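The values are calculated or read from the model by the stated rules, or taken from the named source; none is laboratory data. Note that the coordinates shown come from a computational prediction; the quantities given were computed from them, not determined experimentally. All Cβ positions, glycine included, derive from the backbone under ideal geometry; neighbour counts span all protein chains shown.
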Amino acid sequence: MDAAGPAARTRTHVPGEPGLWVLILGDLLAFSAFFGVFMYHRAQRPALYAASQTMLGAAFGLFNTLLLLTSSWFVALAVAAARSGTRPRVLRLLLAAIGCGAAFVASKALEWGSRIAQGITLNTDEFFTFYYMLTGFHLVHVLIGIAVLGYLFNRSRRPEPGPGYAAVMEGGAAFWHLVDLLWVLLFAVLYLVK
Amino acid sequence: MNPMMRCAEALGFRPRLRVTVVWMLLILATLLSWDSARHSATHRLLASAVLVIAFVKARLIGVEFMELRVAPIALRAAFELWAIGACAVLLALYWLHPAL
């Protein structure tokens, strides 16, 4: 029993802390409900949705996806570096992830800007109402995520990061991966599914 | 052992290589899905495949990057059920509309 005890404890482990997962699972449910409502309305007027979708720049969507996937990779590497205790590497990787996040925000601003310049707004049609609402709600998550990464960066800079450091790194990383995960689905639902 | 070391042990060896392989798979799947979208006509099987691939990617992000593979079974199961359920509901709603 004694020999199995510690080993058994290492086998499973809640990344971050349990409360965070209530938020994450809640967010997943909320976004999938939005996607469901979108798909339902799309099924009522497929021609309108298909026509409006062609006005989205899929290249913007692709670039955004590559940015977020890469930032998630940097964050996953930062967590690995924190575990092996190489703090300068943690800081470099977090900074790279924050850079990708900032580039995502800039790219989204350009994308919205070019839509608005074309005269396409929230009220253009149903498809674009969903487009602005969903990408806007996601953008709020990106901004919160960047703030979380900033906090992880500051925390990792402390000479002694403290007893809760492992959970804070894992939890903050999990939130950033959630931002990435939601975008992957949003990209498919809004930009790719014809 | 400190919590970080315990966790690193639970995650197994070579975590950097593992997350890098996952990242490469995600990028590859993204490029394939994007390429399929260049066909301007509606192709419902292709669109369904794109949706399924998106959920496979989301699941990969959850299980690997968010480390749900070492999470307690209840948490992992909740995530897996969400992925399967949400994907099935979206596919059903997609197929509701008559072909264009």
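Each residue in region A:84-98 was checked for being touching a residue at least 24 places away in the same chain (Cβ under 8 Å) and farther than 16 Å from B:VAL19 by Cβ, and 4 pass.
When region A:12-23 is limited to residues that are within 17 Å of the chain's Cα centre (by Cα) and more than 8 Å from chain B (Cβ to nearest Cβ), the one that is nearest to A:GLU126 (Cα to Cα) turns out to be A:LEU23. Among the residues of region A:24-43, just one is of a type in the set (D, E, K, R) and within 16 Å of the chain's Cα centre (by Cα), namely A:ASP27. Scanning region A:162-185 for residues that are more than 9 Å from every other protein chain (Cβ to nearest Cβ), of a type in the set (A, V, I, L, M) and closer than 19 Å to A:VAL142 by Cβ gives a single hit, A:VAL179. For region B:48-68, give me each residue that is at negative phi and either in contact (Cβ under 8 Å) with a residue 40 or more places away in the chain or assigned to a loop (DSSP other than H, G, I, E, B) (or both). B:SER48, B:LEU51, B:GLU64, B:PHE65, B:MET66, listed by residue number.
Do we find a residue being at pLDDT below 95 and charged (D, E, K, R) anywhere in region A:90-100? Scanning region A:90-100 turns up no residue that is at pLDDT below 95 and charged (D, E, K, R). Any residue at all in region B:77-85 that is at pLDDT 95 or above, over 19 Å from A:LEU182 (Cβ atoms) and either within 7 Å of another protein chain (Cβ to nearest Cβ) or out of contact with any helix residue (DSSP H, G or I) (no Cβ under 8 Å at 6 or more places or on another chain) (or both)? Among the residues of region B:77-85, at least one is at pLDDT 95 or above, over 19 Å from A:LEU182 (Cβ atoms) and either within 7 Å of another protein chain (Cβ to nearest Cβ) or out of contact with any helix residue (DSSP H, G or I) (no Cβ under 8 Å at 6 or more places or on another chain) (or both), which makes the answer yes. Given (1) over 22 Å from A:SER156 (Cβ atoms); (2) more than 14 Å from chain B (Cβ to nearest Cβ); (3) in contact (Cβ under 8 Å) with a residue 40 or more places away in the chain, where does A:GLY61 come up short, assuming only one miss? A:GLY61 satisfies every listed condition except (2). Has region A:134-157 got any residue that is surrounded by fewer than 19 Cβ atoms within 10 Å (Cβ to Cβ) and outside any helix (DSSP H, G or I)? Looking through region A:134-157, none of the residues is surrounded by fewer than 19 Cβ atoms within 10 Å (Cβ to Cβ) and outside any helix (DSSP H, G or I). Which residue is surrounded by the fewest Cβ atoms within 10 Å (Cβ to Cβ), if the candidates are limited to region A:107-133 and must be part of a helix (DSSP H, G or I) and of a type in the set (S, T, N, Q)? Selected residue: A:SER114. Restricting attention to region A:132-151, does a residue exist that is polar (S, T, N, Q), over 30 Å from A:PHE38 (Cα atoms) and in contact (Cβ under 8 Å) with a residue 24 or more places away in the chain? Scanning region A:132-151, I find no residue that is polar (S, T, N, Q), over 30 Å from A:PHE38 (Cα atoms) and in contact (Cβ under 8 Å) with a residue 24 or more places away in the chain, so the answer is no. Among all residues of region A:91-106, there is at least one that is away from every other protein chain (no Cβ under 11 Å), surrounded by fewer than 22 Cβ atoms within 10 Å (Cβ to Cβ) and not hydrophobic (A, V, I, L, M, F, W, C). If you go through region A:71-90 and keep only what is assigned to a helix (DSSP H, G or I), more than 7 Å from every other protein chain (Cβ to nearest Cβ) and not hydroxyl-bearing (Ser, Thr, Tyr), you end up with A:PHE74, A:VAL75, A:ALA78, A:VAL79, A:ALA81, A:ARG87, A:PRO88, A:ARG89, A:VAL90. In region A:150-194, of all residues being in contact with a helix residue (DSSP H, G or I) (Cβ under 7 Å, 6 or more places away or on another chain) and among the charged types (D, E, K, R), the one that is farthest from B:LYS57 (Cα to Cα) corresponds to A:ARG157.
Does A:LEU68 satisfy being part of a helix (DSSP H, G or I), farther than 20 Å from A:VAL140 by Cα and modelled with pLDDT of 95 or more? It is false that A:LEU68 is part of a helix (DSSP H, G or I), farther than 20 Å from A:VAL140 by Cα and modelled with pLDDT of 95 or more. Residues in region B:27-47 that are touching a residue at least 24 places away in the same chain (Cβ under 8 Å), farther than 15 Å from A:TRP183 by Cβ and more than 8 Å from chain A (Cβ to nearest Cβ): B:ARG44 only. For region B:76-90, a residue qualifies if it is crowded, with 18+ Cβ neighbours inside 10 Å and either of a type in the set (A, V, I, L, M) or not in a helix (DSSP H, G or I) (or both), and the qualifying residues are B:ALA83, B:ALA86, B:LEU90.
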